[in-house]
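Below is one structure, written out as structure tokens; comments come after it.
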Amino acid sequence: MAAAGVLCAAGGIGGGGIYVTVLMVAGGLRVRDAVPLSKSVVFIGSIASLILNLRKATATRESLIDYHVCRVVVPGALVGTYLGVILNSIVPGWAVLLALVGILIAISYMILQTTWQQYAEEEHLRRLPQLPKASDSNVSKDTVPEVSALWKTHEVQQYTATDLLLSAVMLLVVVTGSAFRHHAIRCQIAPEAERLKACHHPSLFWLDANTLMTWMQTPSTAAFIKVFFFAGPLIFCVTVLACVVTNLVKIGWSPALALKFSLMSMTTGCLAGFVGIGGGLIFSPYFLLMGLEPATAVATSSTCVIFTSSSTTFQYLLTDRIIVSLMLLYGLVNWVSSYAGTSMVHHLQDQLSTRRSFITGIVSLGVLISTLLAVRELIFEAPRSTQVPHQLGAVFKFQGSPAHPCPEVSCASTATMPMVRWLLLPLVVAYPTPPEQTADQLEIMERARARAKVASAAATPSVLAFFDSTPFRQMLKDCCSAVADLPADELLQRYRAEAQVAELAHALPATKQQRTPSVDVTISELGKMAWFPNEFQEAMLHGQNGSSQGSEISDDAMKEIFGCKAFTGAQPTWEEASSRLIYVAHNLRRLDTGSEPHFGDFTVIFNSSRMKDAVLIAPYDTGMYTMKCLHPDLHPGNISLQNLAGPHGPPHMPDLNCSAWSKDRKVDVPVGTLDYLDHLILPNLWSPINSSVTNETVLDAARVLFSRSAISGIDYRSVPAIAQRERNDYFESNVLANPPLPGAVKLGIGNFASLFGTDKGLDLQQIASKFQWPLFWAYGEGIQTGPHPPQGPSQPSQKQTLNRRFADPSIVNVSNATISSAAAQQFQTVWNEAKKLRQVRPITDDDLSKWWESLSEQVQVAPVSATSCAQPHHCIGVTLSGHDCMCKQTLDKVKKVENVETESFTV
């Protein structure tokens, strides 16, 4: 970046084209994110060049800058930047890159040709020493366009107060008009739940959010705002341009020449906003072609670049497209390098005034390098794996504004920057990517495994006796007749087998604004991670103290139930945070959402075979158990659970049977593992049964488990409805590791109610594609599903079947399934319908039901069971229609077996 800054400043080319390609090639940014950042870097560097150019004096004029050219170029350029920024947000990224390559190739040809012509002329003059020095101008006199003659006629040019005022006003009108129009549209189309936030962007601090919301929900007013703030800045700048052209014609410019400069400036401004060039890539070569002296062309170009770069920078900044931290970092580097480059061209101009080709050659070199980099990026454009740990983005808060929903474009906040790794090495050292299991985690697992083995063997007779009891057998006959006559030991074997393959589910929120039990990674953040962070790591990555963010319940549970070491200080060290665990729900009851629906919008299912030796199992939700049974005096309000349902309290807090696995407020039953868990079976059934407050018995809990799990062999479509309280009766099978991504995750499940047809849903599809995760959609409990609370006071929800899940069409890329074109088209059609409706009003359960029914061609699936597939650990679902196993494969294997009937099936 520093070398590019010197070169670009010396050539007067701004550097946007070079910076865009450098940020894409070396920085790993997509073109949509590189363009806004490059504009801000160019803007900061151009200020240094302007300062030096204003101070530079020559023998023939008071300034190197041709202010007549600036006056005609600036208004048109501002018009172009306004249009270019809009184009950048709606045109596909590959088209932006293709346009950049085409422009650079054309400019490279023209400027190299000009350099060669100047060099040839200079060499010819050098071989004629007898000619007077004035012959230089005499020889070229007939070939210099009229603009050069005009400049010589008006040698003394000064900028005026009117110039400064008009320039500032035009810049202000363009920037504010663009930003206001952008946020007004966002306010109009934002979903109901996000509308207030979208209408109250920080840049609109001067306007009440409710006022803007009212305006944009009134069709006539909204139409006026969109038209006025689109056409108004354009009309104003064009009016100024017309006045400038009129004045230039009066002093000798031809109308044709003024028109040429006007059209060139509009085109350049549009390309500056569209593809990210600073403007100098066109200004400087064009001024040279029009006959300006090289030093004058460079200085004038640098001045014009200030307006194109500042206009685009502030437009992108106020619409949350710029990574502010990187802008400041790279901007500082460019400031210094631009100062050096401009000083160099002044030196060359003083020492080598007869060798114009030297300065023109610098311009040529900058354009050529930029062209080669852009061509390379176009040829090798492909998804990049971001290797920099996510903590860099977290520490530097790579985001414009948390209120921006980023509906049309890739937000700058989604970018991670490989180049920053070296510049910010101390931070990388502070928060390095942790090992898959730390020494403390390995020690805890070894100790827990030994205890679990003993406890499981000791508990086996009690479990068998319970399974053989008459009341239990009668319960099985009522709910699960297919297994009612199986011997107790066979039932236990089935239980163990299903526990081995049942989904290990962790739900996470779509955004940080959603209420969840603890600090958690979000969908967009997950796409940048090299591992799956626990809540304490996530808090530290965001500059928070994880031990004081409502996580005291988690901390107590991890220490007293799972044996994690206490933190040595008020805030954990990175090593201590990396030795904690990730909370996971064991989906034996086969919820379509995987985890309890209110825990998050997106559920990751960990690869149980990969993480088997890192799983520690508690018989019940340890957060509720810690609050209710271990420390009821310390956590009377249960802060974490209140986060799930807002000010009205948790949706339903069970009164637990504390004697099920604790005694005298001490844990009495050790945690288990996937291999040793017999001692957890009865405590799991007994924990929610408190006979003093409910009429239920342990047989009721057993009925729910056996009637919904695959232990009984009941078809997934026939499982009974389950109450919200009963959904909490899961094994808490936590992962005591730092699971590496993407390999530690088996599949993902999106919340149909909150994500289908949304921008976050699209983000989810992109992340699943990047990580090659099979993606499914779960209906859950409809509009009530997700971490956001229902409207009004919290009430226990009605029983729901929670057995509706289908495969995203992208499943064909990572599995042995083949989705029909009709199904894929149907999915996209319903998605678009959902997207449009969400922009108009809040959705209802009737809307969700209609969309779901319209997706009849999709592959409906059930979770994998121990007996449904030959290799259940490698499979991701079982189709409801044909009971076919849908199994995950590498891309190479998918390509090899796509035509083999025994390993693929078509829907």
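Any chance you could run the full-extension gain for residue 228 through residue 883? It's 0.36 nm times the residue separation minus the Cα-Cα distance, nm to one decimal. Mind dumping the intermediate values first?
Numbers: separation 655, 0.36 × 655 = 235.80 nm, distance 5.86 nm.
Contour length minus the Cα-Cα distance gives 229.9 nm.
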In terms of modelled amide H atoms, which long-range or inter-chain residues lie less than 5 Å from the amide H of residue 593?
780
Taking the alpha-carbon centroid of each part, what is the distance from the range 478-529 to the range 855-890 in angstrom?
16
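By how many nm would the segment from residue 798 to residue 836 lengthen if fully extended, with 0.36 nm per residue of separation less the alpha-carbon distance?
Details: separation 38, 0.36 × 38 = 13.68 nm, distance 2.95 nm.
Roughly 10.7 nm would be gained on extension.
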Can you check what the net charge comes to around residue 174, using other residues whose Cβ is under 14 Å from the Cβ of residue 174 (Lys, Arg +1; Asp, Glu -1)?
+2
Give me a comma-separated list of calculated 3J(HN,Hα) values for the range 875-888, in order, Karplus coefficients 6.51, -1.76, 1.60 applied at θ = phi - 60°, integers in Hz, x for any Gly or Pro.
10, 10, x, 10, 5, 6, 6, x, 6, 7, 7, 9, 10, 7
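Here is the link list: 612/760; 628/666; 197/836. Which ones come out longer than 24 Å on Cα distance?
Details: 612/760 31 Å; 628/666 12 Å; 197/836 19 Å.
Long pairs (Cα-Cα over 24 Å): 612/760.
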Per the Kirkwood formula on distinct C-alpha pairs, the Rh of the range 176-326 is how many angstrom?
17.9
The long-range amide H neighbours of residue 741, using H built 1.01 Å from N in the peptide plane and a cut-off of under 5 Å, are 531, 532
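Report the Rg/Rh value for the range 801-848, based on alpha-carbon coordinates and the Kirkwood definition of Rh. Could you put the intermediate results ahead of the total?
Details: Rg = 13.5 Å, Rh = 12.7 Å.
Rg/Rh for the range 801-848 comes to 1.06.
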Once you order the gyration tensor axes a ≥ b ≥ c over the Cα atoms, which shape class does the range 495-617 get: rounded for a/c under 1.5, otherwise prolate or oblate by comparing a/b with b/c?
oblate
Given the convex hull over the Cα atoms of the range 703-784, what projected area results after averaging over all orientations, in nm²?
7.3
Given H placed 1.01 Å from N in the peptide plane, which residues other than close sequence neighbours of residue 887 have an amide H under 5 Å from its amide H?
816, 817, 876
Would you list 109, 620, 159 from the most to the least accessible area, probe 1.4 Å?
109, 159, 620
Restraint check, 453/770; 39/770; 39/260; 663/746; 770/835, Cα-Cα greater than 31 Å:
453/770; 663/746
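The values are calculated or read from the model by the stated rules, or taken from the named source; none is laboratory data. What you are looking at is a predicted structure, and each value in this text was computed from that prediction instead of being measured. Ideal geometry is used to build each Cβ from the backbone, glycine not excepted, and the neighbour counts take in all protein chains shown. These accessible areas exclude ligands, DNA and RNA; they are computed on the full protein's heavy atoms, side chains included. Shrake-Rupley method; radii C 1.70, N 1.55, O 1.52, S 1.80 Å.
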